[in-house]
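Working notes, beginning with the structure itself.
The values are calculated or read from the model by the stated rules, or taken from the named source; none is laboratory data. Since the model is a prediction, treat every value here as computed from it, not as a measurement. Every residue, glycine as well, gets a Cβ built from its backbone with ideal geometry; the counts of neighbours run over all protein chains shown.
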Amino acid sequence: MAHRVVDGYIDKFQARGSAELVGELLWGAAADIGLAVAGVPEDRIAEARECAVVTADFWWGRPTEDEQIQVAHRMGRWWQLAGELVAELRRRPGAGWIPHAIEVAREDRSLDEAVLQTMMMSGLVAAHETTMNAAANALLLLLERPAVWEALREDPTLTPRAVEECLRLGASVMCWRRRAAAPLTLGGQSIEAGEDVLIVLDSANRDERRFCDPDEFDLDRRDAHRHLSFGSGEHVCAGAALARMEIALVIDSLATRLPGLSLGRAPRYRANASFRGPIRLDVRWHP
């Protein structure tokens, strides 16, 4: 299914010689795949895709006063739609992790309607926004290094290694908030129970005590998978395997189908304290 989705988007621009990959490939493909895996009915995917994208701006963005009102209204509609989708999947169950959670909830009373609604809402953001940004960041890192891109084109078995190094250097979530459950000392800093903590994942991924030459892209790095871009322990991202698969699929498909792929104009980013990925990614190739 994922191959078909990605190839379908590339079909639309392959003969043209240029494209804007965020808008013409990554945004739509990540949403379609993530929503399908979640179990969202096909006839509701377009609406859910439009609603889910607002969450990053609501949590971490920097909207103007006028934009704040619009973002709040759209966020409210997304919460409402998430509840509608859960109710619809109760009536017509199918495949996917939300239908599975609904079945589990029949026995586990801790999974009430609000929890299922939250799972639908936040899970789809993780499957869409962060995967889209991670794929865009990976393509940017690789296309900035033509020799590495050519190596991947000639030998696709290198792609999984490249994906891990791209995730390490180009995490789509740079930091996250936590609240200390117990007092502790970390790096010489005392943290009291109940204090808010900002975890800077991007810094951990470039820790010179963990990675040799941490700011350098190294396709031969054997421990790149030790990055924290998907979190760790009980907070590890449940969709990590899906995200890795999607990023690898995008890289392999573009390398195979678009010969001579290179970057166009410099990418632009929107103001966001945590979610990071280019708004545009212009590329060209030999059609």
Checklist line | Residues located in segment 269-287, provided they are within 21 Å of residue 17 (Cα to Cα), over 14 Å from the mean Cα position of the chain (by Cα) and not in a loop (DSSP other than H, G, I, E, B) | finding: 280, 282, 283, 284
Check: In segment 157-170, which residues are surrounded by fewer than 15 Cβ atoms within 10 Å (Cβ to Cβ) and closer than 20 Å to residue 267 by Cα?
Finding: none
Note to self: Restricting to segment 171-195, and then to whatever is over 19 Å from residue 61 (Cα atoms) and of a type in the set (D, E, K, R), can you tell me which residue is farthest from the chain's Cα centre (by Cα)?
What the structure shows: 192
Margin query: Take the residues in segment 239-262 that are touching a residue at least 40 places away in the same chain (Cβ under 8 Å) and small (Gly, Ala, Ser); name whichever of them is nearest to residue 32 (Cα to Cα).
Written below: 243
Check: Of all residues in segment 99-119 being modelled with pLDDT of 85 or more and among the β-branched types (Val, Ile, Thr), which is surrounded by the most Cβ atoms within 10 Å (Cβ to Cβ)?
Finding: 102
Check: What number of residues in segment 133-156 are crowded, with 23+ Cβ neighbours inside 10 Å and either farther than 12 Å from residue 251 by Cα or without any contact (Cβ under 8 Å) to a residue 12 or more places away in the chain (or both)?
Finding: 1
Margin query: Looking at 46, 31 in this structure, which one is surrounded by 23 or more Cβ atoms within 10 Å (Cβ to Cβ), more than 25 Å from residue 200 (Cα to Cα) and among the small types (Gly, Ala, Ser)?
Written below: 31
Note to self: Of all residues being surrounded by fewer than 10 Cβ atoms within 10 Å (Cβ to Cβ) and not in a strand (DSSP E or B) in segment 179-189, which is modelled with the lowest pLDDT? Just the residue, please.
What the structure shows: 187
Notebook entry, point to check: Quick check: is even one residue across segment 171-178 exposed (fewer than 13 other Cβ atoms within 10 Å of the Cβ), among the basic types (Lys, Arg) and modelled with pLDDT under 85?
Noted result: no
Notebook entry, point to check: So how many residues does segment 50-72 have that are more than 25 Å from residue 22 (Cα to Cα) and of a type outside the set (Val, Ile, Thr)?
Noted result: 2
Notebook entry, point to check: Within segment 1-57, can you find the residues that are among the aliphatic types (A, V, I, L, M), under 22 Å from residue 140 (Cβ atoms), within 16 Å of the chain's Cα centre (by Cα) and in a helix (DSSP H, G or I)?
Noted result: 2, 6, 21, 22, 25, 26, 29, 30, 31, 33, 56
